[in-house]
Amino acid sequence: MSAEVPCKLKASDYKSDTKPVWCPGCGDFHVLLSLSKAVAQLGLRPENIAVISGIGCSSRIPAYMNCYGFHGVHGRALPLATGLKVARPDLTVICAGGDGDGFSIGGNHLLHACRRNINFTYVVMDNEVYGMTKGQPSPTTAPDWDSKIAPGGTGISPFYPLVIALASGANFVARAFSGDPNGTTQILVEAIKHPGFSFVQILSPCVTFRPGQKEWKKQVHPSPVTPTSDASQAARRVMTDDGFNIGILYKGSREPYQQCVGQEIGFDCDIDEEFLL
Amino acid sequence: MSDQAGNRKSISIALVGKGGTGVLTAGEMLLTAAAHCGRYGMMVPAVGPQIRGGESAALLRLGESPVNCLDDSFDVLLAIDWRHADRFRADIPLDSNSLVITDPSTGAVPDSIAADGARMRELEMQALADTVTSGRPNMVALGYAARLAGIPESALLQATEKKLGRKGRDAVDASNACMRLGYGRAASGNVANAAAAADMTNSRWLITGNHAAGLGALRGGVRFAAAYPITPATEILEWLAPRLNDAGGTLVQAEDELASINMAIGASYGGIPSLTATSGPGLSLMIEGLGLAVGAEIPLVVINVMRGGPSTGIPTKPEQSDLNAAVYGLHGDAPHIVVAANSITDCVFTTQWAVHLAEATQAPVIVLSDQLMGQANAVVDPIPAINFLATRKLADSVSENFERYALTADGISPMPLPGTPGGQYTADGLEHTATAKPSGLTDDHVAQLDKRARKINGFDYGRHWADIDGDGELAVLTWGSTTSTVIEAIGRLPVDLARRIKLISLRLLLPAQPQKMADALRGVERVMVIEQNHSGQLYRFLRAWYDLPVEVETMCRPGPSVFRPGQVVTALRDWSHR
């Protein structure tokens, strides 16, 4: 492998022959493209990348890439990715999914993935709705959004995933918009390159159940400030912005998780000896 | 002191006291000292749910041949105090031959203890300890109990040195002074010849079932573990953590059991033999992950150290009541493997075998152990290494049109590890085609269900599916820690009755082995099923999977009180006369 002359990789080199189940116009198509462009730009070979997901529309993304992938159970993408990255630090691990998978059923794992700060990137395609089950409110849905399961709205305030990520110790926090594939690509490149746990929320419209999100492209705007390395400042900004600030919001320098792997020693006889009286 | 098979003698001693009095420390030292003078033995710690300050008891049995279960009653009960005596009453059966040692300064012997008619003797443990600077009554008790057990002082000194040496000279000296005070006040039992015993004991091991399971996992090749702390499985994790590091692996403490099993699946997908360990409540949380490992065909070992259930149940006590969950808990048709260790030492073999089976079949294997085996400490002969290692069929080089889930004859398909060029596939809990594409078609579903069943059902499990002993027309079927008790009970029967009994202890619970069982039951007229749970889970499992003789008797009883060999003797006698 090393003897080969490295040829330039293109986004299309990461495309699988599986046809996406996504609706026409779904924001996730652009995320797929942006992610493919980002890994191509980084020159990462498909066999050295693992895309890990849970359940939901966006969680179908591993099968649409020609990388190693794991489409696991609902809410457990982060633990799957954690186990794989700790066992195989040589791989580039990208965990991906939606707001229901990552913030609701898998919410606890987000806290601990941020806290552990293992060197991989978590991409959440946030459309503020459960699409695969046909339109129920998620933790990022506005309180007055009407749906069959919550007529008139849930009455519950949405939460701020980026603030939670900051408070929990994520080392890189960004917000992207799927309708801006070039900007998203650059954010993903930076996220993958940054050591430790990188969290990227990508606003990715659901044209089927949230047609109003088509307006997002008019609402998004580049973050007016440069990324900070001060988590509390970043959190304050995210708490007070309009939710459409796009860009890298925080770049920390916390030391990534170090597994205490020693040199393999001839442990068998040593271990037997410890039981000797 | 009961007379067992071959006139093997043993002595059973219970040390009790409120938490913090150090009865478990004294018990461990007594066990170690016994080992140093050539004895075998085991110690079962009995504690309440309190973290500190509850009741605790060290239940010991020491003998000249290997000791694998507790006896019917205790020869000696030594109480540093009588706090919460009622809570451990059932764990410490006494009879008129028992000797109860009580410290008069802690009040009268409780009526419930006195009612058994045991002989009483007073020993002022606290007052004696107070005569020594930093002296503690548990060490007085240790000296007294050791002398009753016939353990020479030299062996005790070795044990105090080993246990307390790192606390410094003063601690050892204070303990030894107290120990000698106790030793001097006891009547001597048959003192073992320490010098003569030294040679053979040098090679013996002191090990718990939980540590044994960890050893089996390491020997088998496990290099990644992720787990969430839970009683009574935590010692497996604490033992594995530093040793995995030494072996080039790692252990991650997960945020919950949902995370543990999925971390282990992720690591195993990456090619590293992986494990998680838990107990009933954790197993329940892991069931969805187990199904994922079945569907995506990921090797995985889950050790489940059973405790009283359902729900939080009785966390610090044993029960064999997770068989149904392990066998039937998964949704969908989900072929997997369930094995059960049947002694403390067998925890090494069965866990190592489980690693081998998981890797060979690319499927999850549940290892059932229980609190009794897991947390008991035993002096045993060295546990030899075996040849079962993690060997996964890998796809090292991949050709065009590679099929990750190829429909092979044995159902096992070569697995490419991430990093293998051209082998890229998406492992999936969704039903899929041979090329790992999601599919909801009947043909693909049936083909993959067949394949996954074929690799589990067609695998050659060899002779390890059960331990079989004897050749009589009466078969006793059992499993897990109950096996040791049944073995001792059969050994106590009159020879002509023992000769009529065949013991079958199942190590492989799933998949069932109907042909092997039919061979084992040839010539058997009646069957008795013995297990430690309320509903007869093994009995019902056997009824579903095996052709049994018409006459089947069951002896099932829930925890936390374990079967005593004498109770099994009575049951076997009654049954044989019918």
**Q.** Cα gyration tensor, the range B:303-362 - rounded (a/c under 1.5), prolate or oblate
**A.** oblate
Q) Counting Lys +1, Arg +1, Asp -1, Glu -1, what net charge surrounds A:Leu277 among other residues with beta carbon under 10 Å of its beta carbon? A) +2
Q | Number of partner chain Cβ atoms within 10 Å, mean per residue of A:12-18 | A | 2
Q: Would you mind counting up the charge near B:Ala358? Only other residues with Cβ under 13 Å from its Cβ, with Lys and Arg at +1 and Asp and Glu at -1.
A: +1
Q: Could you work out the relative contact order of chain B, using alpha carbon pairs under 8 angstrom and six or more residues apart, expressed as a whole percent?
A: 12
Q: Measure nothing fancy, just the Cα-based angle from helix B:565-577's long axis to the longest principal axis of chain B, in degrees from 0 to 90, nearest 10.
A: 70
Q: Give the Kirkwood hydrodynamic radius (Å, one decimal) of chain B, defined as one over the mean of 1/r across all pairs of different Cα atoms.
A: 25.2
Q.
As I understand it, the value is the acute angle between the Cα axis of helix B:346-361 and the longest principal axis of the Cα atoms of chain B; what does it come to in degrees, rounded to 10?
A. 10
Q: List every residue whose amide H lies under 5 Å from the amide H of B:Met120, counting only residues 5 or more places away in sequence or on a different chain, with H placed 1.01 Å from N in the peptide plane.
A: B:Val100
Q | the range B:492-547 and the range B:35-89: distance between their alpha carbon centers, rounded to Å | A | 31
Q) Relative contact order for the range B:356-511 using alpha-carbon pairs under 8 Å, separation at least 6, rounded to a whole percent? A) 19
(Q) Could you list B:Trp353, B:Trp239 so that the one with the fewest beta carbons within 10 Å of its beta carbon is first and the one with the most is last? (A) B:Trp239, B:Trp353
Q: Report, by chain and number, residues whose modeled amide H sits under 5 Å from the one on B:Leu509, excluding near sequence neighbours (fewer than 5 apart, same chain).
A: B:Val338, B:Val339, B:Ala340
(Q) Tell me whether the range B:464-577 comes out rounded, prolate or oblate; compute the Cα gyration tensor, take square roots of the eigenvalues as a ≥ b ≥ c, and use a/c under 1.5 as the rounded threshold. (A) oblate
Q | Ranking of A:Phe103, B:Phe88 by count of other Cβ atoms within 10 Å, fewest first | A | B:Phe88, A:Phe103
(Q) Which one, A:Ile55, A:Ile105, A:Ile202, has the greatest fluctuation when you compute a Gaussian network model over chain A with C-alpha springs under 10 angstrom? (A) A:Ile105
Q) Which links in A:Lys10/A:Lys85; A:Lys37/A:Lys217; A:Lys134/A:Lys218; B:Lys455/B:Lys502 stretch past 29 Å when you go from one Cα to the other? A) B:Lys455/B:Lys502
(Q) If you take each beta carbon of peptide B:241-251 and count the beta carbons of other chains within 10 angstrom, what is the mean? (A) 5
Q: Mind listing the long-range amide H neighbours of A:Gly131? Cut-off is under 5 Å, sequence gap 5 or more, other chains count too, H placed in the peptide plane at 1.01 Å from N.
A: A:Cys57
Q. Near A:Lys19, which aspartates and glutamates are there with a Cα under 15 Å away, not counting those fewer than 8 places off in the same chain?
A. A:Asp28
Q.
Spelling out what I want: for every residue of the range B:54-60, take phi, set θ = phi - 60°, compute 6.51 cos²θ - 1.76 cosθ + 1.60 (Karplus), and round to whole Hz; glycine and proline get x.
A. x, 8, 8, 8, 9, 9, 10
Q. Could you give me the ³J(HN,Hα) list for the range B:73-80, computed from phi with Karplus coefficients 6.51, -1.76, 1.60 and θ = phi - 60°, whole Hz, x at Gly and Pro?
A. 8, 9, 6, 9, 10, 10, 10, 6
Q) What is the packing order of peptides B:360-366, B:137-143, taking the mean over residues of other C-beta atoms within 10 Å and listing the highest first? A) B:137-143, B:360-366
Q) Between rounded, prolate and oblate, where does the range B:207-380 land on the alpha carbon gyration tensor, with a ≥ b ≥ c its root eigenvalues, rounded for a/c under 1.5, else prolate if a/b exceeds b/c? A) rounded
Q. If Lys and Arg each add +1 and Asp and Glu each add -1, what is the summed charge of the other residues whose beta carbon sits under 10 Å from the beta carbon of B:Tyr461?
A. +2
Q) Which percent of the Cα-Cα distances in the protein assembly as shown go past 48 Å? A) 32
Q.
Rounding to the nearest 10 and keeping the result within 0 to 90°, find how far the Cα-based axis of helix A:231-240 lies from the longest principal axis of chain A.
A. 20
Q: Post the alpha-carbon centroid distance, the range A:140-217 to the range B:246-316, in whole angstrom.
A: 31
Q.
Within a 10 angstrom radius of the beta carbon, how do A:His194, A:His71 rank from fewest other beta carbons to most?
A. A:His194, A:His71
**Q.** Exercise: per-residue mean of other protein chain Cβ atoms within 10 Å, B:335-345
**A.** 0
Q.
Here is the link list: A:Lys148/B:Lys437; A:Lys15/B:Lys451; A:Lys15/B:Lys437; A:Lys193/A:Lys251. Which ones come out longer than 21 Å on Cα distance?
A. A:Lys148/B:Lys437; A:Lys15/B:Lys451
Q) By a straight-distance test (C-alpha under 18 Å), which lysines pair with B:Lys163 as possible cross-link partners, with residues fewer than eight away in the same chain excluded? A) none
Q.
Distance between the C-alpha centers of the range B:341-395 and the range B:132-159? Whole Å please.
A. 36
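Only the coordinates and a few stated rules stand behind these numbers; no lab work does. None of the values given here were measured: they were computed from a predicted structure. Cβ: placed from backbone, ideal geometry, glycine included. Neighbour counts: every protein chain shown.
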